[in-house]
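What follows is a short report on a single structure.
The values are calculated or read from the model by the stated rules, or taken from the named source; none is laboratory data. Computed from a prediction, not measured in an experiment: that's the story for all the values here. Every residue, glycine among them, receives a Cβ derived from its backbone with ideal geometry; neighbour counts consider all protein chains shown. Remember, those area values only see protein heavy atoms, side chains included, never the ligands or the DNA or RNA. Shrake-Rupley method; radii C 1.70, N 1.55, O 1.52, S 1.80 Å.
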Amino acid sequence: MSETLKAEIETMSFEQALAELERIVQQLESGEVELERSIEIYERGAALRAHCESKLKTAELKVEKIVRGEDGQPAAEPAGLD
């Protein structure tokens, strides 16, 4: 994949990348795409999937979980890296 396309994908939001990935899956599943085009969009789909996974991992690390503090009151604590 070219650096230009890679840079384009990196600027996409999770929602944009996921929507495009869903369109690619539909195209590939239809069986109506020529072989060369199938290879191109499969490669783009793989890059989109990796981008989505990266965005999800980043979001996961930011999520806070609710725990009970020593006084029994709810408190926020950064999510673990399980």
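Would you kindly derive the ³J(HN,Hα) couplings of the range 41-51 from the backbone phi angles with the Karplus curve 6.51 cos²θ - 1.76 cosθ + 1.60 (θ = phi - 60°), listing them in order in whole Hz, with x for Gly and Pro?
Couplings: 6, 5, 4, 5, x, 5, 5, 5, 4, 4, 5 Hz.
How do 33-41, 18-26 rank on mean C-beta neighbours within 10 Å, highest first?
Packing proxy ranking, top to bottom: 18-26, 33-41.
Please compute the per residue accessible area over the range 1-43 with all protein chains in place, 1.4 Å probe, rounded to a whole number of Å².
80
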